[in-house]
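Encoded as structure tokens, the structure appears first; notes follow it.
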Amino acid sequence: MRVFLLAITALVASQTAVAGHHEEKASSSNASAEWQISAYSSAAPDFIGQFATIIGSGGAVLREGTNGWICQSGNPRPVPESGWSSAHEAMPVCHDSEGMKWMAAFMQGKKPDMDRDSYMWMLQGDVGEDNSTPAVMNESDAQPGQWIESGPHLMLMPKDPRSLDNFPTDFTAGAPYVMFANTDYAHLMIPMPGYYQYQPESSPK
């Protein structure tokens, strides 16, 4: 896991350098280690997040964990100078070593090479994705009817994306659905209570 941790740390650091972000902030800042540890660990249930390794927005390991899980910001957008405005904006994600492989591959635009399926927690949700197409950052660029700003959810990241071929892609039904179908990054989104809080118009009718 150390190899993948170092790889994704380097990727996060390079993204942060582009944004001009600095870790040396006052303790009250959302860029502080304290804030990031609290925000990123909240992506998973506390019995996971409290004992997970935390990677900061600058790529540094802010806290060594004991349970094999890793929590970090999942937002690929440039990090604001003062840090993310909220945990929701940071899009924190918690995953194990196999999930780390998926994350590293996704950030590099490569096909994930995993030994088994993995799960990722995102209990703070995300700030929006095109459900059909990876790496679409703005709603105006999304395919019609495909933009979804998610609340709390769990994700199944399959070793073989084709194993999800028979699942639906409709995110308005409240049931598990596939994001990025028919791509190397296909994964199963499992909505949790509050999933539609940021986009109530997409909730089941």
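Nothing in this text is a laboratory measurement; each read-out follows from the coordinates by a stated rule. A quick note: this is a predicted structure, and the numbers were derived from the prediction, not measured. Methodologically, a virtual Cβ is constructed for each residue, glycine included, from the backbone with ideal geometry; neighbour enumeration extends over all protein chains shown.
Remark: the stretch 132-147, residue by residue, has Karplus-estimated 3J(HN,Hα) of 9, 9, x, 6, 8, 9, 10, 4, 5, 9, 6, 5, x, x, 10, 7 Hz, where x stands for each Gly or Pro and the curve is 6.51 cos²θ - 1.76 cosθ + 1.60 at θ = phi - 60°.
With axes computed from alpha carbons, what is the tilt in degrees of helix 2-19 against the longest principal axis of the chain, rounded to the nearest 10 within 0 to 90? For helix 2-19, the angle is close to 80 degrees. Here is the P(r) of the chain: all C-alpha pair distances, binned every 5 Å from 0, give 1, 8, 15, 21, 21, 17, 10, 4, 1, 0 in whole percents. Taking other C-beta atoms within 10 Å as the exposure proxy, 54, 37 rank 37, 54 from fewest upward. The amide H of residue 62, built 1.01 Å from its N in the peptide plane, has 54, 55, 56 as neighbours under 5 Å, considering only residues 5 or more places off or on other chains. Summing charges over neighbours of residue 94, with a neighbour being any other residue whose Cβ is under 14 Å away from its Cβ, gives -3 when K and R count +1 and D and E count -1. From least to most packed, judged by other beta carbons within 10 angstrom and beginning with the fewest, 107, 189 follow the order 107, 189.
Using the alpha carbons alone, the radius of gyration of the stretch 125-205 stands to its Kirkwood radius in an Rg to Rh ratio of 0.93. The equivalent ellipsoid of the stretch 41-163 has semi-axes of 22, 19, 13 Å, largest first, where each one is the square root of 5 times an eigenvalue of the Cα gyration tensor.
Close amide H partners of residue 169, meaning residues 5 or more places away or on another chain with modelled amide H under 5 Å apart, are 178. The string of couplings for the stretch 104-114 from the Karplus curve (6.51, -1.76, 1.60, θ = phi - 60°) is 4, 5, 4, 5, 9, x, 10, 6, x, 10, 10 Hz, one whole number per residue in order, with x for Gly and Pro.
By the scheme Lys and Arg +1, Asp and Glu -1, what is the net charge of all other residues having a beta-carbon under 13 Å from that of residue 197? Overall, the nearby charge balance is -3. Using +1 at the Cβ of each Lys and Arg and -1 at the Cβ of each Asp and Glu in the chain, identify which of 95, 204, 150 lies farthest towards the dipole's positive end. After comparing all options, I get 95.
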